[in-house]
Amino acid sequence: MKLLPVYYSLYLSAYPLPCLNGCFCFYSIEDDANTVNCSHKNMTQLPDNLLPNTEQLIMVGNDLKTINSVAKDLPHLVSLDLEKCNISEISTQALQALLLYSDNLKLSNNKLQGISSIIKTTKYNTTIWLSKNIFECNCNIMWMRDWLLNATNVMDKDNITCVGGKWNGLSCLTGTS
């Protein structure tokens, strides 16, 4: 009898919606958002046939590896969770679209060794999570260290590390005379 109020409150907090790709779609009263949860579906690419009113897309635990393109026309997308998706590469064009369409972009716990410097563009007002990737400490990513020092939109910036060196000890020659 004591479980009834718990189930009743869960029932009232989310309304199921029709869904594609074997995902679970619902309207969350708590978040006031239409959510598509495609977590752990063994997907290898982002779905391209989302309902246009999708506000949250959760893709945790899929096998995306590389993101080269992003579905267009997601005007209501607020949050995109791509954690633990084995992502090792995101094209500049795809990253630009992700930053444009989403207010919250979670890329933590992937296999990113580097990322396009487009991510630091101030015209995007996206909150970003990047920790627990395998960024390589080299001169190609020195811009990232400098950007992270002042970035206010990277929520886990104190937990971002690089392999093969240390952020603080990284120095590169910028030219020769």
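Summary of computed values
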{"read-out": "Single residue of region 87-98 satisfying the filter (over 9 Å from the mean Cα position of the chain (by Cα) and assigned to a helix (DSSP H, G or I)) that is nearest to Leu46 (Cα to Cα)", "value": "Ala94"}
{"read-out": "Out of Ser79, Ser117, sole residue that is surrounded by fewer than 19 Cβ atoms within 10 Å (Cβ to Cβ), closer than 29 Å to Gly164 by Cα and not acidic (Asp, Glu)", "value": "Ser117"}
{"read-out": "Residue within region 157-168 that is touching a Ser or Thr at 6+ places or on another chain (Cβ under 8 Å), in a loop (DSSP other than H, G, I, E, B), modelled with pLDDT under 85 and surrounded by 10 or more Cβ atoms within 10 Å (Cβ to Cβ) present", "value": "yes"}
{"read-out": "Cross-chain or 6+ apart pairs with Cβ under 6 Å, region 30-46 first and under 16 Å from Leu74 (Cα atoms), then of a type in the set (S, T, N, Q)", "value": "Ala33/Gln56; Asn34/Asn53; Asn34/Thr54; Thr35/Ser28; Thr35/Gln56; Val36/Thr54"}
{"read-out": "Given (1) out of contact with any Cys (no Cβ under 8 Å at 6 or more places or on another chain); (2) of a type outside the set (A, V, I, L, M, F, W, C); (3) modelled with pLDDT under 90, number of the condition Ser108 does not satisfy", "value": "(3)"}
{"read-out": "Residues satisfying the stated conditions in region 22-62, i.e. loosely packed, with under 14 Cβ neighbours inside 10 Å, at negative phi and not aliphatic (A, V, I, L, M)", "value": "Glu30, Thr44, Asp48, Asn49, Pro52, Asn53"}
{"read-out": "Qualifying residues in region 99-132 (those that are more than 13 Å from the chain's Cα centre (by Cα) and basic (Lys, Arg)) - the one nearest to Val154 (Cα to Cα)", "value": "Lys120"}
{"read-out": "Residue selected from region 3-38 under the condition polar (S, T, N, Q) and modelled with pLDDT of 75 or more, by the criterion farthest from the chain's Cα centre (by Cα)", "value": "Ser28"}
{"read-out": "Pair list, Cβ < 6 Å and 6+ apart or interchain, from region 75-95 residues that are closer than 21 Å to Ser28 by Cβ and among the polar types (S, T, N, Q) to residues that are at pLDDT 90 or above and surrounded by 18 or more Cβ atoms within 10 Å (Cβ to Cβ)", "value": "Ser79/Gln56"}
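The values are calculated or read from the model by the stated rules, or taken from the named source; none is laboratory data. No experiment lies behind these values; they were computed from the predicted model shown. Cβ coordinates were reconstructed from backbone atoms using ideal geometry, including for glycine residues, and neighbour counts include every protein chain displayed.
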